[in-house]
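What follows is calculated from the coordinates using simple rules that are stated; it is not laboratory data. Keep in mind the model is a prediction, meaning the values are calculated, not measured. Note that each Cβ is placed from the backbone with ideal geometry, even for glycine, and that neighbours are counted across all protein chains shown.
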Amino acid sequence: MRDKTDPELGKKVNLHLETLRLETVYTMPLASTAREVMANAFTEFFNLMGIKEDPSIEDSPGRIADMLVYELCAGLNYDNLPKCTTQPALGGDSEMVMLKDITTISLCEHHAQTIAGRTHIAYIPNKKLLGVSKLARVTNFFARRPQVQERMTAQIFHALQFVLETDDVAVQQECAHFCIRARGVMDPNSIMTTNKLGGRFMSNPALRSEYLHAIR
């Protein structure tokens, strides 16, 4: 999958977000080492909880470790930032580009519960047009780590502004938080919405209205 990632761009985006104080305190260690430590930890956890040895769960600690290191937390490693293939924008004033209903799965950093929902992204091209699938890939990258939704929305927003070289970016996320649904208040229906608007999406009421109407 390395041909679909851009470690050099990852370093630049990482530094940009650190400058904005939008980067988390987490850093991904050597993945193979993290996987081994985590598998051993979950084996110990099963033992402490009195979960008895059984063929069905014999490989579960390793499966959980693989899931966390290589899937749910893959976005901690900026070497995994997706390639953001662009082409020159069309001449003149360009229309809004939008990709909505991007499936978004993340991990609550407070209780390690699922955050699940959808992301809507729009931008007005300035110098660059971004391959449409990259909007979904960038979203998935920032989702694949322990997160809070407010930070995730801001990271996607500022990363796309950086890559596209334009302020005219809008990001909205609508997500269910299973730290609320599956525990604590046990509210099965709540949805959290976060928005980040920049450039003309903030200053132009007609454009903002068009964007909000489109994502509804």
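Assorted remarks:
- Loop trypsin sites (Lys or Arg not before Pro), the stretch 42-139, which have at most 10 other Cβ atoms in a 10 Å radius of their Cβ (DSSP): Lys52, Lys127
- To the nearest ten degrees, helix 132-143 and the longest principal axis of the Cα atoms of the chain are 40 degrees apart.
- Surrounding net charge for Asn40, when Lys and Arg each add one and Asp and Glu each subtract one, Cβ distance under 15 Å: -3
- Annotation: aspartates and glutamates with alpha-carbon distance below 19 angstrom to Lys12 (same-chain offsets under eight excluded): Asp3, Glu23, Asp79, Glu165, Asp167.
- For the stretch 31-72, the relative contact order is 61 percent, taking Cα pairs closer than 8 Å that sit 6 or more residues apart in sequence and dividing their mean separation by the residue count.
- Net charge of neighbours whose Cβ lies under 15 Å from the Cβ of Thr114, counting Lys and Arg as +1 and Asp and Glu as -1: +1
- Label point distance in nm, Asp66-Lys100, each placed 7 Å from Cα along Cα→Cβ: 3.8 nm
- In terms of its alpha-carbon gyration tensor, the stretch 101-164 comes out prolate; a/c meets the 1.5 threshold, and the first ratio a/b outweighs b/c.
- Gaussian network model of the chain, Cα within-10 Å springs - most flexible of Pro125, Pro55, Pro146: Pro55
- Cα-based helix-to-principal-axis angle, 7-19 vs the chain, degrees rounded to 10: 80 degrees
- Axis of helix 205-215 versus longest Cα principal axis of the chain: the two differ by about 40°, to the nearest ten degrees.
- Using R0 = 35 Å, the C-beta based FRET efficiency linking Thr85 and Thr33 works out to 0.60.
- Protection-proxy order for peptides 12-24, 70-82, each taking the mean of Cβ atoms within 10 Å per residue, highest first: 70-82, 12-24
- Within the listed set Gln87, Gln113, Gln155, the Gaussian network model of the chain (springs between alpha-carbon atoms below 10 Å) gives the highest mean-square fluctuation for Gln87.
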